[in-house]
2 protein chains.
Amino acid sequence: MKFGLGIVAMTLLGGSAYAQLPGTPPAMPDGPPPLLAPQLVATAENLRDKALEGNAAYPLLEGLTTEIGPRLAATDAEHRAAEWAAARLKAMGFENVHLEPFKMTAWIRGQETAEVVSPFPQRLVLTALGGSVATPPEGIEAEVAIFKTYDALLAAPVGSLAGKIAVVTQPMPRTGDGSGYGASYQIRGLGPSEAAKRGAVAYLLRSLATDERRLPHTGTLQYLPNFSGAPGRPAPKIPAAALSVPDAEQLDRMALRGKPIRIHLTLTPTTQPDATSYTVIGELKGRERPDEVVLIGGHLDSWDLGTGAIDDGAGVAITAAAAKLIADLPERPRRTIRVALFGAEEVGQSNASYAAAHPAADQARTVIASECDFGADHIYAVDLPKGAAASSFGRSLGRVIAPIGAFVSSETAKDGGADLESLVGVPLAQLAQDGTRYFDLHHTADDTLDKIDRAQMNQNVAAWAAFTYLAADSDVDFRALAAKP
Amino acid sequence: MKFGLGIVAMTLLGGSAYAQLPGTPPAMPDGPPPLLAPQLVATAENLRDKALEGNAAYPLLEGLTTEIGPRLAATDAEHRAAEWAAARLKAMGFENVHLEPFKMTAWIRGQETAEVVSPFPQRLVLTALGGSVATPPEGIEAEVAIFKTYDALLAAPVGSLAGKIAVVTQPMPRTGDGSGYGASYQIRGLGPSEAAKRGAVAYLLRSLATDERRLPHTGTLQYLPNFSGAPGRPAPKIPAAALSVPDAEQLDRMALRGKPIRIHLTLTPTTQPDATSYTVIGELKGRERPDEVVLIGGHLDSWDLGTGAIDDGAGVAITAAAAKLIADLPERPRRTIRVALFGAEEVGQSNASYAAAHPAADQARTVIASECDFGADHIYAVDLPKGAAASSFGRSLGRVIAPIGAFVSSETAKDGGADLESLVGVPLAQLAQDGTRYFDLHHTADDTLDKIDRAQMNQNVAAWAAFTYLAADSDVDFRALAAKP
């Protein structure tokens with residue numbers, strides 16, 4: 001849906017036969033814009049082909065997931081990951097490699113168990129949501145109130161869930177573009193406060209997931225401090241956890257029997273104030289305009305359950321590998337390429353931290369920014385800032401990525417990734433990946449290296465190298481393109 | 001491989017055009033044997049079609065996995081399962097429904113955690129093997145010795161693993177017929193004693209598994225009491241656990257770095273002597289020869305991690321549902337059909353217990369026996385006792401099951417299922433299921449109802465109903481057929 005106009009765009013921008021390399025094609029009245037300089041396009045094509053034939057990203061990802069493994073924000077493991085990444089970036093030839101620290105409160109998972117006490121005693125598999133408060137150490141026991149839809153929970157009157165554990169078992173739709181997750185996000189993010197407002201003592205949801213594995217999907221919640229059930233009384237923070245899909249379905253089946261279901265739930269997470277997370281920076285200094293920055297990257301932290309291969313070791317490896325291919329060219333591009341490996345993305349601390357460390361003047365010099373954070377499966381489209389798809393840049397990029405099954409979309413990029421949300425006035429791009437199987441693995445213990453498709457990851461590196469190189473070695477001005485009528 | 005001759009068998013037995021119903025076909029010299037009586041074949045076909053169109057097994061399996069869930073041998077959960085099953089069999093019209101108790105030592109899972117301490121600290125996902133002894137409560141920490149093959153472990157000299165945790169990371173081959181599991185079984189079953197003989201303090205294996213989920217596969221081990229490393233000194237019992245496949249691969253990758261790997265391992269299972277398990281029996285009393293028994297069934301116990309849907313709630317549901325279809329006929333078959341739902345199969349206690357409760361005289365009156373214990377996917381062949389494939393029984397069964405994509409194999413059944421191994425002189429059959437995906441789920445937390453393919457389960461019921469009915473309402477004498485030269 002999101003990229004529905006892309007086919008049209010590809011036809012308009014890439015279908016013309018007259019613009020053949022070598023030789024700069026003439027501009028035709030009302031025809032497509034000219035390509036960028038032939039040497040630029042040819043170099044981008046070479047980078048693309050090197051990425052496809054090579055093995056640039058996988059060793060980085062293998063190293064990060066093996067030698068560090070899980071790297072929860074602001075823990076020792078994330079610190080080790082930051083040191084590891086800085087050492088790797090230096091060894092790869094990046095300049096200005098450094099860590100940018102920022103303070104935050106760390107959240108540390110504890111024990112997490114649940115059992116149906118009656119009428120059908122058995123264990124349930126679940127995992128605490130990031131940021132959840134704890135139950136008492138001995139746990140809590142209560143009857144459940146099951147809602148097949150989140151809308152049904154919202155329809156429950158204030159006070160109606162007093163003393164109960166609210167459970168929402170609504171399934172998340174599988175889509176390729178993440179829209180199913182976007183449409184379901186509030187079930188996890190806001191459900192705990194909505195349930196608390198209605199009197200619930202704890203909150204469970206069916207994992208936001210497209211798989212049927214017996215592995216729960218964690219993720220953050222947002223307690224809403226001013227979310228009041230009765231005037232002047234904020235909703236309490238209640239413990240919240242995600243059931244694996246088979247366990248949520250098991251509760252649905254039990255509910256059909258019509259007997260009250262009682263659950264014993266124990267969650268013992270803790271928090272650590274004044275912890276430190278880091279964003280790791282590495283740059284390729286531009287040979288002509290070093291103050292102009294093309295910003296790419298992924299996030300270095302991961303959830304604690306898996307080893308963060310698809311989320312987001314892949315984005316770290318793909319963008320760093322793409323930049324490394326560019327670093328291996330005979331000369332640096334004209335502009336600076338900055339690889340930012342963000343800390344604490346999963347817990348929502350990263351983007352404000354980057355913006356704080358890179359204030360207005362730096363952001364004003366940032367030519368374009370894009371983050372890779374949706375796994376490592378096929379890139380099928382590139383969304384560019386307004387006006388760029390129909391520019392020489394867009395046409396040239398479309399030419400380079402068409403052979404790898406991708407197109408420049410006519411849709412304007414809506415965002416560039418979660419870590420770029422706090423940037424002001426920075427043009428954003430999005431390299432859209434096939435997310436069809438992403439939410440089978442997302443935020444689970446099963447997010448491990450073996451789930452990576454190496455051929456598709458190479459295709460990602462190819463697209464990122466082409467995009468990044470063309471932005472850094474051309475004089476495209478995305479702000480000016482966007483300002484055109 | 002195992003059923004490679006089946007194609008030939010089907011051609012020989014079922015390809016003739018002359019034997020058309022209605023009317024008993026004449027026997028031709030050197031031709032195929034005559035079919036059984038037309039009414040028998042027609043009834044078997046009707047049962048088959050009812051099974052395919054109906055929904056006989058799924059509600060049973062849904063009930064068992066939902067209302068009981070996991071049912072580890074000789075625990076309260078297995079007792080509840082036995083009571084549940086007896087009540088269901090009675091409600092379905094079975095006669096002589098009763099529980100046959102037997103004493104055993106129960107094994108109860110405890111805490112099970114492991115972490116790589118150095119050089120790359122991170123959690124490992126594993127599960128204790130059934131029957132494993134415990135570590136001290138605080139766990140043990142030791143360096144690992146990793147063997148890429150079980151054969152390499154066996155080649156290690158006695159004493160060479162002193163103080164180490166032995167780890168075998170050999171993968172199990174995926175096959176359709178279970179032969180990959182058979183070829184790998186000793187890695188789990190005998191590995192702990194082989195490692196202990198060489199001095200190891202604990203033993204880990206890559207799960208016997210064909211999936212790449214982050215879910216370990218449990219299963220029994222066999223400590224060998226007379227398995228001596230030095231003369232007169234039996235190998236000690238050491239704690240043993242199975243790593244998930246991604247975790248075993250993670251250790252393989254760490255090992256490539258060449259640094260010593262230290263693991264902290266905690267397993268705290270306990271045992272309970274003088275516990276009780278039960279086999280549940282239900283019968284359809286034969287109208288003419290009630291003392292002759294066709295014995296079918298599955299095992300009622302399961303491992304504790306999942307809800308035992310494929311292992312072996314499916315076998316329970318399929319065989320009970322097939323018998324129920326026969327119970328709904330206007331009259332009982334001539335012989336008795338006995339459905340046995342075995343207790344404590346997973347821990348190896350079931351078959352001796354059944355044989356003890358049904359000694360020689362009963363076994364001598366058992367016409368044929370077969371167990372369903374390999375999931376619920378497509379039945380592609382039926383192995384019969386020696387001489388039966390080319391008999392009227394075999395030809396008639398082949399005729400009935402050919403339309404559902406199954407054939408009577410020319411291979412003699414090698415066994416009838418784990419629960420029938422202690423029977424003496426009882427003819428055995430095997431309804432061979434497609435096990436291609438069985439070991440993705442086997443003995444894991446992921447063995448849950450949602451993994452069942454209902455259409456394939458109905459096909460199983462169809463084949464079981466046809467087989468059971470033809471054996472019970474004919475006068476086929478498998479012992480006599482086997483005795484022919």
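The values are calculated or read from the model by the stated rules, or taken from the named source; none is laboratory data. Bear in mind the structure is a predicted one, so any value in this text is a computation, not a measurement. Cβ: placed from backbone, ideal geometry, glycine included. Neighbour counts: every protein chain shown.
Remarks
- For segment B:246-273, filtering for residues that are in contact with a strand residue (DSSP E or B) (Cβ under 6 Å, 6 or more places away or on another chain) and more than 23 Å from B:Leu161 (Cβ to Cβ) leaves 4.
- Taking the conditions (1) more than 27 Å from A:Gln111 (Cβ to Cβ); (2) under 19 Å from the mean Cα position of the chain (by Cα) in turn, A:Pro234 satisfies each one other than (2).
- Candidates A:Gly159, A:Gly191, A:Gly199 - the one that is buried (at least 21 other Cβ atoms within 10 Å of the Cβ) and at positive phi: A:Gly199
- Tally of residues being out of contact with any His (no Cβ under 9 Å at 6 or more places or on another chain), among the aromatic types (Phe, Trp, Tyr) and more than 24 Å from B:Ala134 (Cβ to Cβ) across segment B:161-206: 0
Yes or no, residue by residue, for (1) surrounded by 15 or more Cβ atoms within 10 Å (Cβ to Cβ); (2) in contact (Cβ under 8 Å) with a residue 60 or more places away in the chain:
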{"site": "A:Thr66", "(1), (2)": "yes, yes"}
{"site": "A:Ala82", "(1), (2)": "yes, yes"}
{"site": "A:Lys90", "(1), (2)": "no, yes"}
{"site": "A:Arg109", "(1), (2)": "yes, yes"}
{"site": "A:Glu115", "(1), (2)": "yes, yes"}
{"site": "A:Ala145", "(1), (2)": "yes, no"}
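- Enumeration of residues in segment B:409-419 that are buried (at least 23 other Cβ atoms within 10 Å of the Cβ), in contact with a Gly (Cβ under 9 Å, 6 or more places away or on another chain) and at negative phi: B:Ser409, B:Asp419
- Of everything listed in (1) assigned to a strand (DSSP E or B); (2) under 26 Å from B:Gly69 (Cα atoms), the single unmet condition for A:Thr135 is (1).
- Conditions (1) within 14 Å of chain A (Cβ to nearest Cβ); (2) within 22 Å of B:Glu100 (Cα to Cα); (3) touching a residue at least 24 places away in the same chain (Cβ under 8 Å): number failed by B:Glu62: (2)
- So A:Thr210, is it among the polar types (S, T, N, Q), under 21 Å from the mean Cα position of the chain (by Cα), more than 23 Å from A:Leu251 (Cα to Cα) and at pLDDT 95 or above: no
- Of the numbered criteria (1) of a type in the set (Ser, Thr, Tyr); (2) within 16 Å of the chain's Cα centre (by Cα); (3) in a strand (DSSP E or B), the one B:Tyr278 fails is (2).
- Unique match (being surrounded by 21 or more Cβ atoms within 10 Å (Cβ to Cβ) and not assigned by TED's automatic domain parsing to the domain that holds B:Ala128) among B:Gly348, B:Gly387, B:Gly375, B:Gly425: B:Gly375
- Any hit, segment A:391-414, residues being under 30 Å from A:Ala86 (Cβ atoms), in contact with an Asp or Glu (Cβ under 8 Å, 6 or more places away or on another chain) and in the same structural domain as A:Val316 (by TED's automatic domain parsing): yes
- Number of residues in segment A:123-143 that are buried (at least 22 other Cβ atoms within 10 Å of the Cβ) and without any contact (Cβ under 8 Å) to a residue 12 or more places away in the chain equals 0.
- Failed item, numbered, when A:Ala73 is tested on (1) more than 14 Å from chain B (Cβ to nearest Cβ); (2) surrounded by fewer than 23 Cβ atoms within 10 Å (Cβ to Cβ): (2)
- Qualifying residue in segment B:347-355 (condition: at pLDDT 95 or above, hydrophobic (A, V, I, L, M, F, W, C) and not in a loop (DSSP other than H, G, I, E, B)): no
Quick grid of which residues meet (1) outside the structural domain of B:Pro216 (by TED's automatic domain parsing); (2) in a loop (DSSP other than H, G, I, E, B); (3) in contact with a strand residue (DSSP E or B) (Cβ under 6 Å, 6 or more places away or on another chain):
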site: B:Glu141; (1), (2), (3): no, no, yes
site: B:Ala145; (1), (2), (3): no, no, yes
site: B:Arg174; (1), (2), (3): no, yes, no
site: B:Tyr185; (1), (2), (3): no, no, no
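- The condition (being under 26 Å from A:Asp252 (Cβ atoms), modelled with pLDDT of 95 or more and more than 14 Å from chain A (Cβ to nearest Cβ)) is satisfied by just one residue among B:Ala37, B:Ala42, B:Ala85: B:Ala85.
- Which numbered condition A:Leu215 misses (of (1) within 14 Å of chain B (Cβ to nearest Cβ); (2) in contact with a helix residue (DSSP H, G or I) (Cβ under 8 Å, 6 or more places away or on another chain); (3) not small (Gly, Ala, Ser)): (2)
- Yes/no for A:Leu224 being among the aliphatic types (A, V, I, L, M), within 14 Å of chain B (Cβ to nearest Cβ), touching a helix residue (DSSP H, G or I) at 6+ places or on another chain (Cβ under 6 Å) and crowded, with 17+ Cβ neighbours inside 10 Å: no
- Matching option when the condition is outside any helix (DSSP H, G or I), touching a strand residue (DSSP E or B) at 6+ places or on another chain (Cβ under 8 Å), of a type in the set (S, T, N, Q) and within 14 Å of chain A (Cβ to nearest Cβ), among B:Thr336, B:Thr307: B:Thr307
- Subset of segment B:89-116 [over 22 Å from the mean Cα position of the chain (by Cα) and either more than 14 Å from chain A (Cβ to nearest Cβ) or more than 28 Å from B:His443 (Cβ to Cβ) (or both)]: B:Lys90, B:Ala91, B:Met92, B:Gly93, B:Phe94, B:Glu95, B:Asn96, B:Val97, B:His98
- Qualifying residue in segment B:312-330 (condition: buried (at least 24 other Cβ atoms within 10 Å of the Cβ), touching a residue at least 40 places away in the same chain (Cβ under 8 Å), farther than 30 Å from B:Val117 by Cβ and within 14 Å of chain A (Cβ to nearest Cβ)): yes
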